[in-house]
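Shown next, in structure tokens, is the structure this report addresses.
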There are 2 protein chains.
Amino acid sequence: MLEQILEQGRAVTDAALERLLPPAGQYPTSIHRAMRHSVFAGGKRLRPTLCLEAARLIAAGTNSVMSAAAPAGSTGGTPRSGIEPDGLPRGIDELGAALEMIHTYSLIHDDLPALDNDDLRRGRPTCHVLFGEATAILAGDALQTYAYDVLSRLACGPEQRVRIIFEVAHATGTVNGMIGGQVVDLESEGVAPDAGTLEYIHRSKTGALITASLVTGSIYAGAAREQVERVREFGQAVGFAFQIADDVLDVTQSSQQLGKTAGKDRDSAKATYPALFGIDESMRKARELVESACQALDEFGAGARTLKELARFLVERKN
Amino acid sequence: MLEQILEQGRAVTDAALERLLPPAGQYPTSIHRAMRHSVFAGGKRLRPTLCLEAARLIAAGTNSVMSAAAPAGSTGGTPRSGIEPDGLPRGIDELGAALEMIHTYSLIHDDLPALDNDDLRRGRPTCHVLFGEATAILAGDALQTYAYDVLSRLACGPEQRVRIIFEVAHATGTVNGMIGGQVVDLESEGVAPDAGTLEYIHRSKTGALITASLVTGSIYAGAAREQVERVREFGQAVGFAFQIADDVLDVTQSSQQLGKTAGKDRDSAKATYPALFGIDESMRKARELVESACQALDEFGAGARTLKELARFLVERKN
């Protein structure tokens, strides 16, 4: 079941990305080849998959205490474009693709020599290694730009689109967002980590975009405000847990298993959960977060089972 | 008159940027200091000023053959927020500020060592010189992100906002947009320039965002589709002329007059108009473009006088 969900999320997102990104032969070709190299470098499409499942949960709208209340505080009703037989709102794949473009832009820039200086990502050479630093900087820029281009044209109503754009921009900004987390992460290298700073980094750098993926999926599917806030609560706990698990994997797995350089956090004296609390306590914390996340979805009833399974998978995964 | 317009455009935009950007003391402070350093580094705010004047033209809607037809093909009517006594639609300053954030992000990234490697911009040290490469890359990223955050919350209707976001994203993307132009510009260094490539660079790298500034200003003010297309025509010719004039200034002015390193195009063997056609022929071409641009606005009558004056100023300016 979970494997099917992950596989569908990956396939749907890959197809949308293939369709939406300019072809590699489009002038000027170097930038489009660089963008496609990084976008199609074996990503698991976890953020789009979370987005799809949040949308499916809202679109189902059955067996749920909350769905009865939906029309009152609705954020736009079901999307104009309707629901597919598989339960996904039509066109949601393009929202997932835009989220993956944002995620990929952040990876390209994080990998640059001036930042994390990584040559390897998902087992392949990083963008700047293959295409040079200038093209890598611009390819990251362009993926961010292109994400908003796609978001502005989503198949849901304009009111939903501007809310989605706001959520994505806010989640990737400097105040409690992705860039803010990255800045503090860089500044914390070689400094004794404290738990408060570490939580800020994890919640901002990784958690915020994971949360936004779930939240925007629910907005796209026409969730009521109250439903969106339950999904947000779920996302915040899952996003934090996801990064703690990531820290643990960096210590416990080999480079081959991870597809990137293992032990990198320790070597660069990065603030991590295992460094501060040890592996066992870190995993206990991650699992506790996931269980509290799942509670936030209890009001949705049985329909929330897939999202809960996904949350547990995200902390128990091996790469 | 023109001086007043330029001064008002600058003052209005500076005030909006001051209000909208996170304060320098906001955690994490390094990124906010870097963003503010580059945003408040003495820019002339030409793009916001063009945006404001396009909006004022549409908002006036008098003495115009076209305004009579506006309601039929209207893109949303006058903005919900109303018109200020000075003729500007309320809240347009935030659109101008967002455009300036986009422009500033592009300057920060262009100046990086991997790209143009400029230490000086508007007479001040560039972002990476003061804050380091990592912070400069992230400050550019964040200004782009923050622009979309602001655009998603503009005071006009959601339908207008998504159209504005589309125009900005498209104008700054890789296909006939700012990043595409920058890529071809970088790849043309040291290569014998040809006129077709040069026109692509100028129209994409500079022209597209100038055009979008005018187009989005008109959309914000509720222009009819047909009016938007006249403004677009004007913008495309003005944007191209602006960059030709910029090439000429690089040859004819000193570094002190320009506030940046003069003669840089020649030293890096960049494709420029003067290199290809000489200074006189380049200026003739720029002036010809401006006159054809002004013709596109003839249908708006006397109200278009300010925009036409601005266009002429952009090719005759001395820095």
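The values are calculated or read from the model by the stated rules, or taken from the named source; none is laboratory data. These numbers come from a predicted model, not from an experiment. With ideal geometry, Cβ positions are generated from the backbone for all residues, glycine too; neighbour counts draw on all protein chains shown.
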What tally of residues in the stretch A:136-166 results from selecting those that are within 7 Å of chain B (Cβ to nearest Cβ) and touching a Ser or Thr at 6+ places or on another chain (Cβ under 6 Å)?
5
Do you know which residues across the stretch A:268-288 are within 13 Å of A:PHE242 (Cα to Cα) and free of Cβ contacts under 8 Å to residues at least 24 places away in the same chain?
A:ARG284, A:GLU288
Among the residues of the stretch B:24-47, which ones are more than 12 Å from chain A (Cβ to nearest Cβ) and part of a helix (DSSP H, G or I)?
B:HIS37, B:SER38, B:VAL39, B:LEU46, B:ARG47
Among B:ASP93, B:ASP110, which is the only one that is within 25 Å of A:ALA114 (Cβ to Cβ) and modelled with pLDDT of 90 or more?
B:ASP110
Any chance B:ALA169 is part of a helix (DSSP H, G or I) and away from chain A (no Cβ under 14 Å)
no
Per the list (1) within 17 Å of B:ALA271 (Cβ to Cβ); (2) part of a helix (DSSP H, G or I), residue check on B:GLY190 breaks on (2)
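Tell me, please, whether a residue that is modelled with pLDDT of 95 or more, within 14 Å of another protein chain (Cβ to nearest Cβ), in a helix (DSSP H, G or I) and more than 18 Å from the chain's Cα centre (by Cα) can be found in the stretch B:12-19.
Going residue by residue through the stretch B:12-19, those that are modelled with pLDDT of 95 or more are B:12-19.
Right, trim to within 14 Å of another protein chain (Cβ to nearest Cβ) and you get none.
No, because not a single residue in the stretch B:12-19 is modelled with pLDDT of 95 or more, within 14 Å of another protein chain (Cβ to nearest Cβ), in a helix (DSSP H, G or I) and more than 18 Å from the chain's Cα centre (by Cα).
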Options A:GLN257, A:GLN295: the member that is surrounded by fewer than 21 Cβ atoms within 10 Å (Cβ to Cβ), at pLDDT 95 or above, of a type outside the set (Asp, Glu) and assigned to a helix (DSSP H, G or I):
A:GLN295
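Which residues, taken from the stretch B:141-163, are in contact (Cβ under 8 Å) with a residue 60 or more places away in the chain and crowded, with 24+ Cβ neighbours inside 10 Å?
Let us first name the residues in the stretch B:141-163 that are in contact (Cβ under 8 Å) with a residue 60 or more places away in the chain, namely B:142-143, B:146, B:150, B:154-157, B:159-160, B:163.
B:ALA142, B:LEU143, B:TYR146, B:CYS156, B:GLN160 - these are the residues of the stretch B:141-163 that are in contact (Cβ under 8 Å) with a residue 60 or more places away in the chain and crowded, with 24+ Cβ neighbours inside 10 Å.
Counting only residues that are in a loop (DSSP other than H, G, I, E, B) and under 22 Å from the mean Cα position of the chain (by Cα), which one in the stretch B:120-135 is modelled with the highest pLDDT?
So in the stretch B:120-135, the residues in a loop (DSSP other than H, G, I, E, B) come out as B:122-123, B:126, B:132.
Then drop every residue that is not under 22 Å from the mean Cα position of the chain (by Cα), which leaves B:122-123, B:126.
Numbers: B:ARG122: 83, B:GLY123: 86, B:THR126: 97.
Among residues in the stretch B:120-135 that are in a loop (DSSP other than H, G, I, E, B) and under 22 Å from the mean Cα position of the chain (by Cα), the one modelled with the highest pLDDT is B:THR126.
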Sort out which residues of the stretch A:172-185 are at the interface with chain B (Cβ under 8 Å from one of its Cβ atoms) and charged (D, E, K, R), and write them in order of number.
none
Anything in the stretch B:97-134 that is within 12 Å of chain A (Cβ to nearest Cβ) and either in contact with a Pro (Cβ under 6 Å, 6 or more places away or on another chain) or farther than 25 Å from B:LYS264 by Cα (or both)? List them, or say none.
B:ALA98
